[in-house]
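Values quoted throughout were computed directly from the atomic coordinates according to the rules given, and no laboratory measurement underlies them. All values derive from a computational prediction rather than experimental measurement. Backbone-built Cβ (ideal geometry, glycine too); neighbour counts: all protein chains shown.
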Amino acid sequence: MSKHKKRKHHETGTKKKGEMLAAEVRGAEWVGDNFRLVDLLAKGCREEKWRPGAKLKVDVGDGTTRTFTPISMKAKSGRVRILVYIHGPSPASQWASTIRSGDKTYTSVPRSSLDVNDLRSPVVFFGDETSFGTAKTLQSHLGADFPVYCSFEVKEPRQAQAVVKKLELANVTLIKSRENRSHLDEIVRNLQRAMTNLATKHLIMTGNGRSIQGLRAALQANNATQLEYVVKAYWTPEKKLRD
């Protein structure tokens with residue numbers, strides 16, 4: 001997930017909302033050809049309570065920031081892990097493709113984004129390539145007691161499968177996206193089947209805002225049961241999302 005904004009950097013001082021604090025890359029691992037797991041040691045994450053689904057702004061060069069969902073965070077050290085989806089010549093893709101251990105950057109303090117901390121029930125999850133980190137935090141948060149079934153629309157299922165394996169995501173269905181959006185019919189069927197199998201009304205939707213809109217319309221038309229949505233569009237084609 002990512003947004004674009006310029007921020008003033010502050011290397012020292014108290015942590016205030018919006019300020020960026022020094023961080024260092026401690027590791028960067030390729031997962032397939034289109035994803036990279038990045039470990040950061042970030043001042044902004046020290047002594048911060050991590051809530052699953054929280055967001056973290058990272059400087060990806062020249063003061064340009066992108067927003068990610070941390071997969072894990074250790075408050076004592078400030079070590080945080082993010083997954084970057086590398087696609088095209090975007091600033092985040094260029095940054096993630098070239099960084100090495102020891103490189104310097106900046107991050108914000110983690111802030112609330114997708115509110116899943118209070119969930120205590122089985123959940124059905126929808127997303128895309130920008131949503132794998134969120135799905136991982138959700139499954140880690142709920143544990144074995146509350147299953148999470150995930151449906152992802154992805155451009156390259158083989159590359160996405162490498163991420164699913166690396167993150168040890170369970171109960172995953174990968175559906176290849178199509179330009180004519182015909183794949184959304186298959187996703188609707190998957191979501192409905194999963195909600196029936198889990199006997200749950202909880203549906204979390206992330207990723208492409210246009211896909212979320214289409215899926216919600218189809219679900220509401222075909223489902224007499226009132227669903228309980230948690231929705232967070234990480235991006236929408238031809239539209240800039242404000243954080």
Please list, in chain and number order, the residues 5+ apart from Arg181 or on another chain whose amide H is under 5 Å from its amide H, with Hs placed from the backbone.
none
Cβ-placed point charges (K, R +1; D, E -1), dipole of the range 153-204 about Cα centre in debye, nearest 20
60
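Rounded to the nearest 20 debye, what is the charge dipole size of the chain about its Cα centre when +1 sits on each Lys and Arg Cβ and -1 on each Asp and Glu Cβ?
It comes to approximately 660 debye.
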Using only Cα atoms and rounding to the nearest 10 degrees, what angle (0 to 90) does helix 209-222 make with the longest principal axis of the chain?
20
Kindly work out what percent of the DSSP beta bridges joining two residues of the chain are antiparallel, to the nearest 5.
60
For Met20, other-chain or 5+-apart residues with amide H closer than 5 Å (H placed, Pro excluded) are His10
Residues with amide H under 5 Å from that of Val230, placed H, sequence gap 5 or more:
Leu203, Ile204, Met205
Nearest 500 deg cm²/dmol is fine: what mean residue ellipticity at 222 nm does the chain get from its DSSP H runs of n ≥ 4 alone, each adding -39,500 (n - 2.57), divided by its residue count?
-7500 deg cm²/dmol
For the chain, longest principal axis from Cα atoms; helix 132-142 axis from its Cα atoms; angle between them, nearest 10 degrees, is 80
How big is the range 123-235 on each of its three principal axes, counting only the C-alpha atoms and giving the largest first in Å?
37, 36, 22
Under a 10 Å cutoff between Cα atoms, tell me which one of Leu119, Leu174, Leu138 has the largest fluctuation in the Gaussian network model of the chain.
Leu119
Debye log10 I(q)/I(0) for the chain, one point scatterer per Cα, at q = 0.08 Å⁻¹:
-0.29
Taking the Cα centre of each part, how many Å lie between the range 26-54 and the range 161-218?
25
